[in-house]
1. Scanning the range 82-93 for residues that are basic (Lys, Arg) and at pLDDT below 95, which turns out surrounded by the fewest Cβ atoms within 10 Å (Cβ to Cβ)?
2. Would you confirm whether or not the range 121-129 contains a residue that is under 23 Å from the mean Cα position of the chain (by Cα), within 16 Å of ligand 1 (Cβ to nearest atom) and not assigned by TED's automatic domain parsing to the domain that holds LEU19?
3. Before we move on, is GLY237 part of a loop (DSSP other than H, G, I, E, B), in the same structural domain as VAL181 (by TED's automatic domain parsing), small (Gly, Ala, Ser) and closer than 29 Å to GLY179 by Cβ?
4. Considering the range 143-170 alone, what residues qualify as being in contact with an Asp or Glu (Cβ under 8 Å, 6 or more places away or on another chain), under 12 Å from PRO190 (Cβ atoms) and either within 16 Å of ligand 2 (Cβ to nearest atom) or not assigned by TED's automatic domain parsing to the domain that holds SER182 (or both)?
5. With within 36 Å of the chain's Cα centre (by Cα), of a type in the set (Val, Ile, Thr) and either surrounded by fewer than 13 Cβ atoms within 10 Å (Cβ to Cβ) or not in a helix (DSSP H, G or I) (or both) as the only criterion, which of VAL47, VAL96, VAL100, VAL69 stands out?
6. Return a yes/no flag: does the range 222-234 have any residue that is among the small types (Gly, Ala, Ser), assigned by TED's automatic domain parsing to the domain that holds ALA158 and either in a loop (DSSP other than H, G, I, E, B) or surrounded by fewer than 16 Cβ atoms within 10 Å (Cβ to Cβ) (or both).
7. Among the listed residues ARG208, ARG172, which satisfies the condition of being of a type in the set (Lys, Arg), near ligand 1 (Cβ under 8 Å from one of its atoms) and either part of a strand (DSSP E or B) or surrounded by fewer than 17 Cβ atoms within 10 Å (Cβ to Cβ) (or both)?
8. Can THR219 be described as within 25 Å of ARG74 (Cβ to Cβ), outside any strand (DSSP E or B) and either within 8 Å of ligand 1 (Cβ to nearest atom) or free of Cβ contacts under 8 Å to residues at least 60 places away in the same chain (or both)?
Amino acid sequence: MATSPPPLPADFAPMARGLAHEIKNPLSTISLNAQMIQEDLRHVRDVVGEGSMLADELARAARRADGLVRETARLRDILEDFLRFAGRVEPDRQPVDLGVLLDELVAFFDPQACESGARLRYLRPEKPVVAAVDARLLKQALLNLLLNAVQIMAEARAKRTPHGGAADLLLRVEEPAPGIVSIHVTDTGPGMDAATKKRLFEPYFSTRRGGTGLGLPTTQRIIEAHGGRIEVNSEPGRGTDFTIHLPVA
Ligand SMILES: Nc1ncnc2c1ncn2[C@@H]1O[C@H](COP(=O)(O)OP(=O)(O)OP(=O)(O)O)[C@@H](O)[C@H]1O
Ligand SMILES: [Mg+2]
């Protein structure tokens, strides 16, 4: 009979954060030394010159040093992604007009959307929609959704996966009930199947080439730390709508 693994200790999250921090310092020393070896080798190659007997061996050592530098950089990125996800989320909630917050986000993200071949539209609310949020964290949460949409739409176009038409991305705000605001991020991408939908918020779940799988779990942690929730509606071949529901106060 299969046995389930023992439960993790309650202080597992701070332990994992501590471990990641502990690894970061020696890793940056390794990385720095690898870069210095790279430079030293370049210098020796310049002195020795091209045709010398040592040139081949130096070229081999340089390739190994390049590998070290590349892989330490990759490890640093993995740790930074993890620390961003597992770090404490303590929103400093202040009254913010979401219309203005989204203006700023759209101005920031639009060039990237265009570059990726997506058309970002923003249905701006006509009157102020004020909610108590941490503007920086909410922008980070929304940015993960926008990034996913443009990346996944571009991938679908490149692979000719069925999708919902042009690469449209729509951002809009609604007030579905008193005291609640909703922000929709809707794309006309490939949508997702039931198996993907089930695992979306699992840390390190990704179907994207080069994806880490921490974008959505990070977004979910931020929204839940605001007392809100995130909902997904997706139709394979048509597109996906992520909705963030937030309490206004
Ligand atoms: N708009 C979307 N349409 C279709 N599938 C999506 C969409 N957004 C997310 N997904 C699916 O959810 C998975 C997890 O998304 P998440 O943002 O957590 O990770 P990622 O984008 O793969 O990597 P990372 O954000 O860490 O770079 C994606 O790999 C993809 O399979
Ligand atoms: Mg992502």
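1. Step one: of the range 82-93, the residues basic (Lys, Arg) are 84, 88, 93.
Subset that is at pLDDT below 95: 84, 88.
Details: ARG84: 13, ARG88: 9.
So, considering only residues that are basic (Lys, Arg) and at pLDDT below 95, the one surrounded by the fewest Cβ atoms within 10 Å (Cβ to Cβ) is ARG88.
2. Within the range 121-129, the first condition is being under 23 Å from the mean Cα position of the chain (by Cα), and the residues that meet it are 121-122.
Now drop any that are not within 16 Å of ligand 1 (Cβ to nearest atom), which leaves 121.
When the remaining residues are screened for being not assigned by TED's automatic domain parsing to the domain that holds LEU19, the result is 121.
Checked the range 121-129: at least one residue is under 23 Å from the mean Cα position of the chain (by Cα), within 16 Å of ligand 1 (Cβ to nearest atom) and not assigned by TED's automatic domain parsing to the domain that holds LEU19.
3. Working: part of a loop (DSSP other than H, G, I, E, B): yes; in the same structural domain as VAL181 (by TED's automatic domain parsing): yes; small (Gly, Ala, Ser): yes; closer than 29 Å to GLY179 by Cβ: no.
For GLY237, the condition - part of a loop (DSSP other than H, G, I, E, B), in the same structural domain as VAL181 (by TED's automatic domain parsing), small (Gly, Ala, Ser) and closer than 29 Å to GLY179 by Cβ - is not met.
4. Hits for the range 143-170 are ALA149, ILE152, MET153.
5. Values: VAL47 fails: within 36 Å of the chain's Cα centre (by Cα); VAL100 fails: either surrounded by fewer than 13 Cβ atoms within 10 Å (Cβ to Cβ) or not in a helix (DSSP H, G or I) (or both); VAL69 fails: either surrounded by fewer than 13 Cβ atoms within 10 Å (Cβ to Cβ) or not in a helix (DSSP H, G or I) (or both).
Only one candidate qualifies: VAL96.
6. Residues of the range 222-234 among the small types (Gly, Ala, Ser): 225, 227-228, 234.
If we keep only those that are assigned by TED's automatic domain parsing to the domain that holds ALA158 too, we end up with 225, 227-228, 234.
Narrowing the set further to residues that are either in a loop (DSSP other than H, G, I, E, B) or surrounded by fewer than 16 Cβ atoms within 10 Å (Cβ to Cβ) (or both) leaves 227-228.
Within the range 222-234, one or more residues are among the small types (Gly, Ala, Ser), assigned by TED's automatic domain parsing to the domain that holds ALA158 and either in a loop (DSSP other than H, G, I, E, B) or surrounded by fewer than 16 Cβ atoms within 10 Å (Cβ to Cβ) (or both).
7. Values: ARG172 fails: near ligand 1 (Cβ under 8 Å from one of its atoms).
Going through ARG208, ARG172 in turn, the sole match is ARG208.
8. Details: within 25 Å of ARG74 (Cβ to Cβ): yes; outside any strand (DSSP E or B): yes; either within 8 Å of ligand 1 (Cβ to nearest atom) or free of Cβ contacts under 8 Å to residues at least 60 places away in the same chain (or both): yes.
Against the criterion (within 25 Å of ARG74 (Cβ to Cβ), outside any strand (DSSP E or B) and either within 8 Å of ligand 1 (Cβ to nearest atom) or free of Cβ contacts under 8 Å to residues at least 60 places away in the same chain (or both)), THR219 qualifies.
The values are calculated or read from the model by the stated rules, or taken from the named source; none is laboratory data. Owing to the predicted nature of the structure, the values given are computational and were not obtained by experimental measurement. Using ideal geometry, Cβ is built from the backbone for each residue, glycine included, and neighbour counts are taken over all protein chains shown.
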